[in-house]
Structures are given as structure tokens and as C-alpha cells.
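The next block holds one structure in the form of C-alpha cells; read it before the comments.
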Amino acid sequence: VPEDQADKLLLASWGLPKAVLEKYHSLGVVQMFEWQAECLMLGQVLEGKNLVYAAPTSAGKTLVAELLILKRVLETRKKALLILPFVSVAKEKKSYLQ
């Protein structure tokens, strides 16, 4: 992330509603890793273009997907489908995305 865009590491700089930010903050998530912010700033990803990225297990891939989904749903008022690999992960995401 370029120095002049260091604020992009903070979740609060992505235009998410206060309730969403409070939920992330209650889980201890206040800012992203540099690679996560870079993913969100690539090309036209925030306008709905495709993004393919890879990272090790527990590196934070889901956060990138969640932020992209939340922004698109809130901006377009359309539904989104989030496919997760395990029932336990799906239940966890359901509980806090509600």
C-alpha cells in the first residue's frame, strides 16, 4: 500500500456502516493486512470485477471476500451468495453477518 494510502488499512476507511464496523471491532478486527487492502484496491474490484487471490490458511482471505460482498450488497441493494468450505465456518459467518 502506498504511503499516501496507509489509511486504507483501517476498516473504517472503506465506507462500512457503523454497526458493521462495531461488530468487526468487537472481534478485534480494526485494520487489515497490507495485502488485503491491496486486493481491494486492484483494478475495478470494488465495482464488481473479478478477483483471484491466494494466501495460506488463516491468513485473512475471508475478510477480503466479506468486505467486497458487504460493499456490493449495501451499494447495489442486491443479494450475494457466499460459499464456504465447512459447515462450522458457515455457521460462524451466519451468526455475525446477521
Exercise for the section: Have a look at Val30, Leu42, Ile83 and report the one farthest towards the positive end of the charge dipole of the chain, computed about the Cα centre with Cβ charges (Lys/Arg +1, Asp/Glu -1). Expected result: Ile83
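Roughly speaking, what is the stretch gain from Gln98 to Leu10, that is 0.36 nm per residue apart minus the C-alpha to C-alpha distance, in nm to one decimal?
Here the segment from Gln98 to Leu10 would lengthen by 29.5 nm.
Averaged per residue, what accessible area in Å² does segment 3-97 show with a 1.4 Å probe, protein chains only?
On the way: 6680 Å² over 95 residues.
The answer is 70 Å² per residue.
Using the membrane-span-like helix rule (whole DSSP H runs, Cα extent along the own axis of at least 20 Å, mean Kyte-Doolittle hydropathy at least -0.5), which helices of the chain qualify? Please list the in-between numbers first.
Working: long enough: 61-76 (23 Å, 0.81).
The qualifying helices are 61-76.
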Handout entry: Accessible area of segment 6-98 belonging to carbon and sulfur atoms, whole % at 1.4 Å probe
Key = 58 percent
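Taking loop as defined by DSSP and a crowding limit of 11 other beta carbons within 10 Å, which trypsin sites (Lys or Arg not before Pro) in the chain fit? Before the final figure, lay out the partial values.
Working: sites: Lys8, Lys18, Lys23, Lys49, Lys61, Lys71, Arg72, Arg77, Lys78, Lys79, Lys91, Lys93, Lys94; in loops: Lys49, Arg77, Lys78, Lys79.
Hits after loop and neighbour filter: Lys49, Arg77, Lys78, Lys79.
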Practice task
Multiply the residue gap between Glu22 and Thr62 by 0.36 nm, knock off their C-alpha separation, and tell me the result in nm, one decimal place.
Solution key: 12.6 nm
Practice task
Please list, in chain and number order, the residues 5+ apart from Gln31 or on another chain whose amide H is under 5 Å from its amide H, with Hs placed from the backbone.
Solution key: Leu11
Exercise for the section: Could you list the square roots of 5 times each eigenvalue of the Cα gyration tensor of segment 3-97, that is, the equivalent ellipsoid semi-axes, sorted largest first and rounded to whole Å? Expected result: 19, 16, 16
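What full-extension length gain, to one decimal in nm, is calculated for Ile69 and Leu82 as 0.36 nm per residue of separation minus the Cα-Cα distance? Present the calculation step by step, with values, prior to reporting the outcome.
On the way: separation 13, 0.36 × 13 = 4.68 nm, distance 0.81 nm.
Here the segment from Ile69 to Leu82 would lengthen by 3.9 nm.
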Exercise for the section: Report, in debye and to the nearest 20, how large the dipole of the chain comes out about its Cα centre when Lys and Arg carry +1 and Asp and Glu carry -1 on their Cβ. Expected result: 680 debye
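The values are calculated or read from the model by the stated rules, or taken from the named source; none is laboratory data. None of these values were measured; they are calculated from a predicted model. So basically every Cβ, Gly included, is an ideal-geometry build from the backbone, and we count neighbours across all protein chains shown. When the accessible area is computed, the model is the full protein with side chains, heavy atoms only, and any ligands, DNA or RNA have been set aside. Shrake-Rupley method; radii C 1.70, N 1.55, O 1.52, S 1.80 Å.
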